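For reference, the structure discussed in these notes is given below.
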Amino acid sequence: MSHDDAPFEIHVHGDVKLRPEADFDALQDALKPLWKYAGARSLADGAASLYEDEPGIRFDPHERLLQMCWTVRGDEDFRHQLDDVCMSLNELSEAGAPIEVTFYDAEYDEEDEEEGRDSRDDFILLFVGPTPEAIMQAQRDLLVEDVVNLMERHFDGAELGGVVGEIDKLFSDRFEALASSLDIGRSSRGPGGPGGNGTGGHGGGRRPRHLH
């Protein structure tokens, strides 16, 4: 697949802690939508980024860590690869983790900026994790980090305990609602019914734009 004339440079960034049993072959299969999109025949062939100063896609077997800082040329159709990648990484992940995907308008230049035209840049924030609880914990941690960083411009960090407490309360309420819905689902389907464990498929969909 050639993307030489593609309208976007797409950057994928994130670190995912993996289960002990997750090996290179499993990871290669999970990330197949990415390296195939880049026109590669294997993860090793497609792991290099468009830019040499980016580490690309790396697997550290000792730390059991997937590290992604990888850019590829592409189009809007790249979005279709993301759900499959997230679903597969859910199965391999040991903890919740965010994955950032940024679309840079490769055709936007200084002339466009001078004439006031908007670029088509876009940003997607995804989460993966072994369970809905792990994904929610990753969402909470990232939100706390963002809010504290923003508010520390105006307040001392020691003053923000109440803000963090309110964020924790919001996520606690959301978790209780999720647990309740899963319990209702199990009761209606019966033991062993479809969706009984409540873990499959969470974190694979698109998330709202991440605000800094």
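The values are calculated or read from the model by the stated rules, or taken from the named source; none is laboratory data. Since we're looking at a predicted model, the values are computed, not measured. Cβ: placed from backbone, ideal geometry, glycine included. Neighbour counts: every protein chain shown.
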Exercise for the section: Consider residue 172 carefully, then state whether it is in contact with an Asp or Glu (Cβ under 6 Å, 6 or more places away or on another chain), free of Cβ contacts under 8 Å to residues at least 40 places away in the same chain and on the phi < 0 side of the Ramachandran plot. Expected result: no
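Does residue 49 count as in contact with a helix residue (DSSP H, G or I) (Cβ under 7 Å, 6 or more places away or on another chain) and not β-branched (Val, Ile, Thr)?
On the way: in contact with a helix residue (DSSP H, G or I) (Cβ under 7 Å, 6 or more places away or on another chain): no; not β-branched (Val, Ile, Thr): yes.
No: the conditions fail for residue 49.
Return yes or no: is residue 12 closer than 24 Å to residue 121 by Cβ, at pLDDT 95 or above and within 13 Å of the chain's Cα centre (by Cα)?
On the way: closer than 24 Å to residue 121 by Cβ: yes; at pLDDT 95 or above: yes; within 13 Å of the chain's Cα centre (by Cα): yes.
Considered against the rule, which asks whether it is closer than 24 Å to residue 121 by Cβ, at pLDDT 95 or above and within 13 Å of the chain's Cα centre (by Cα), residue 12 comes out as yes.
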Practice task
Return only the number of the condition from (1) more than 21 Å from residue 11 (Cβ to Cβ); (2) of a type in the set (A, V, I, L, M); (3) assigned by TED's automatic domain parsing to the domain that holds residue 51 that residue 150 does not satisfy.
Solution key: (3)
